[in-house]
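Note sheet for the following structure.
The numbers here are math on the coordinates, done by the rules we state, and not lab data. Quantities reported herein were computed from a predicted structural model and do not represent experimental measurements. All Cβ positions, glycine included, derive from the backbone under ideal geometry; neighbour counts span all protein chains shown.
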Amino acid sequence: MRYFSKNAKETYNLGKKIALTLKGGEILALSGNLGAGKTVFSKGVAAGLGVKAVITSPTFVLMKIYHPKSKILTLKKFVHIDCYRVDGPMAIEGIGATDYFNQSDSVVLIEWAEKIKKILPPSAIKIKIKILKEDKREINIIK
Amino acid sequence: MIILGIESSCDETAAAVVKISGRRFDILGHTISSQINIHKKYGGVVPEVAARNHIINIIPVVEQTLHQAKIQPKQINRVAVTYGPGLITSLMVGLETAKTLSFAWQKPIVAINHMRAHIYANWLENKKIIFPVMCLVVSGGHTELVLIKDNSKFKKVGQTLDDAAGEAFDKVAKLLDVGYPGGPVISRLAKTGNAKAFNLARPMINANNLDFSFSGLKTSVLYAVQKAKRTDQKFKADMCASFQQAAIDVLVSKTIKAAQQYKVKTIMLSGGVSANLLLRQTLSEQAGYFGFEFLMPRIDFCTDNAAMVAVAGYFGQTKPYQKIKVDPNLSL
């Protein structure tokens, strides 16, 4: 599916909308350049899943785990991973992030997912955000 | 009381021995083994490389610190160690070492929150602290405003809603292709640039809350770079200066606002970004102008070190070592 977003608010709302289609166990693999709006989209997904905490960038620590109050009763974790600083899959495996892949109690969202292509399961939902003019974005979601 | 502090949450392996007598904190010995040159080529810290180097460094760092302090293990009263937030594999090296030492030497252990430790770096100045205090905590992973009512009562009253300030420096450095780590590189280039060359967004500066947003500032740098016909040295210097000014304007104005809102007596600065000279100078001037006391750590104790962990250990509670586990997502 291809979407167009006019501003950050719309990108956020799209994330929220996508979250409502999730059941747990999914991996959302985000890609897009610096400033594309990956964190904004992630905040929308988290809000849609029922995370109350403030979602801040996981760039520095690579992974942050949140505990949503979700309508999906089996959903216990929202795992927010950021591969911006990493060179390849080793670092992400090293911190134990892959333990959360394909677990029905977790939704995993990975920013800069193209950097760890090798270890992404084929079932991962690929979300590509492209910067158009100024605040406009093209968002492709490939299931 | 004599405390051994140990720190390994990111890419610095550090130990320190601090002696506390009355209200004085004296550093008897301290060592920091930095991996900055190792990680430079990757443009950021690589967790498993960091952990491997922590393992190599930790025992020599502790030994050297004790030697420098002329302290025998039996003279130590407690061991203080960082247990979060940070990189899980890095944290584990320091924590497990500290637990082992605590068990072998039969000394109590205190688990320390790294961000609180950054705040305690101010106590090393040995100046009288007049409470309540509003502290701006800025680093690569954090940007927070913390209300401090006494030596151990801390409350977060504002925070970044997206990127940390230090992270914005790193990412802007990457956008401009000027090197790593972004903080020092940008402030160096900024010296030769014109801070008024670009009128960048100052996100949330007038918002009626105490929160920050640095993601929007990064994006406005991106747009300016895209628009520019040439990104020569002058462009980069001007952009660094303009970006640094915008980031500092937001940090300082929100800190003053928080200080006024909570009617504190003192403004404090802490965290790795507090090594930024323009931030130090601006916040210090503004605090004075609005009638607040001002305190900040010496530059060497702004970035990660173990002396601040030892101070935090003085105010913290001891716990059986079996009950202490790393917490990479620990909040303040």
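Stretch A:Arg2-A:Asp87 to full length: gain in nm at 0.36 nm per residue minus the Cα-Cα span?
Extending this stretch completely gives an extra 27.7 nm.
Assuming R0 = 30 Å, can you tell me the calculated FRET efficiency for the pair A:Asn102 and B:Arg52, based on Cβ-Cβ distance, to the nearest 0.05?
0.55
How large is the dipole of chain A about the Cα centre if only Lys and Arg carry +1 and Asp and Glu carry -1, each at its Cβ, rounded to the nearest 20 debye?
The calculated dipole for chain A is roughly 520 debye.
Looking at the protein assembly as shown only, what percent of DSSP beta bridges run antiparallel? Nearest 5 please.
Around 60 percent of the beta bridges assigned by DSSP in the protein assembly as shown are antiparallel ones.
I want the antiparallel fraction of DSSP beta bridges within chain B, as a percent rounded to 5.
Roughly 60 percent of the DSSP beta bridges within chain B come out antiparallel.
If R₀ is 22 angstrom, what is the calculated FRET efficiency for the pair B:Lys128 and B:Lys153, using the beta carbon separation as r and rounding to 0.05?
0.80
Which cross-chain or sequence-distant (5 or more) residues have an amide H under 5 Å from the amide H of B:Asp327, H modelled 1.01 Å from N in plane?
Residues meeting the criterion, in which the H sits 1.01 Å from N, are B:Gly84.
Please compute the average number of Cβ atoms from other chains found within 10 Å of each residue's Cβ in peptide B:160-168.
Across B:160-168, the average partner-chain Cβ count within 10 Å equals 4.
Give or take rounding to whole Å, what are the principal axis extents of the alpha carbon atoms in chain B, in descending order?
64, 45, 31
Find the Cα radius of gyration of the protein assembly as shown, compare it with 2.2 N^0.38 Å by division, and give the number to two decimals.
That ratio works out to 0.97.
Please work out the Cα center distance from region B:93-122 to region A:6-32, rounded to the nearest Å.
40 Å
Taking the Cα centre of region B:181-332 as origin, sum charge times position over the Cβ atoms of Lys and Arg (+1) and Asp and Glu (-1), and report the length of that vector in debye to the nearest 20.
Here region B:181-332 has a charge dipole of around 320 debye.
Of A:Lys16/B:Lys218; A:Lys6/A:Lys130; B:Lys149/B:Lys263; A:Lys38/A:Lys136; A:Lys143/B:Lys218, which pairs sit farther than 19 Å apart, going by alpha carbon to alpha carbon?
Checking Cα-Cα distances, A:Lys16/B:Lys218; A:Lys143/B:Lys218 exceed 19 Å.
Across the residues of A:63-74, average count of Cβ atoms on other protein chains within 10 Å?
If you average over the peptide's residues, the count of other-chain Cβ atoms is 1.
Just to compare against my own numbers: the Cα pair-distance distribution for region B:131-264, 10 Å bins, whole % per bin, please.
For region B:131-264, the pair-distance distribution reads 13, 42, 28, 13, 3, 0.
Under a GNM of chain B (C-alpha, springs under 10 Å), which listed residue has the highest mean-square fluctuation: B:Gly182, B:Gly166, B:Gly291?
B:Gly291
For region B:275-318 and region B:144-202, compute the distance between their C-alpha centroids and round to whole Å.
What the calculation gives is 16 Å, centre to centre.
Only Cα pairs within less than 10 Å get springs; with that Gaussian network setup on chain B, which residue of B:Gly183, B:Gly141, B:Gly84 has the largest fluctuation?
B:Gly141
Choose one of B:Ile88, B:Gly183, B:Leu222: the residue whose Cα lies farthest towards the positive end of the charge dipole of the protein assembly as shown (beta-carbon charges +1 Lys, Arg; -1 Asp, Glu; about the Cα centre).
Farthest towards the positive pole: B:Leu222.
In region B:42-125, if the dipole is taken from +1 on Lys/Arg beta carbons and -1 on Asp/Glu beta carbons about the Cα centre, which of B:Gln75, B:Ser102, B:His118 is farthest to the positive end?
B:Gln75
Could you calculate the FRET efficiency of A:Lys133 with B:Glu63 from 1/(1 + (r/R0)^6), where r is the beta carbon distance between them and R0 is 51 Å, rounded to 0.05?
0.30
Roughly how many debye, to the nearest 20, is the charge dipole of region B:131-264 about its Cα centre, given +1 on each Lys and Arg Cβ, -1 on each Asp and Glu Cβ, and no other charges?
260 debye
Putting +1 on Lys and Arg Cβ atoms and -1 on Asp and Glu Cβ atoms, find which of A:Leu75, B:Thr192, B:Val311 reaches farthest to the positive end of the dipole of the protein assembly as shown.
In the protein assembly as shown, that residue is A:Leu75.
Could you name the aspartates and glutamates in cross-link range of B:Lys254, using Cα to Cα under 12 Å and dropping any fewer than eight places away on the same chain?
B:Glu144, B:Asp211
I'm a student and want to see the number: the projected area of the Cα convex hull of chain A, averaged over all directions, in nm².
For chain A, the mean projected area of the Cα convex hull comes to 7.6 nm².
Test of understanding: extend the Cα→C-beta vector of B:Asn208 to 7 Å, then name every residue of region B:257-278 with backbone N under 17 Å from that spot.
B:257-258, B:261-262
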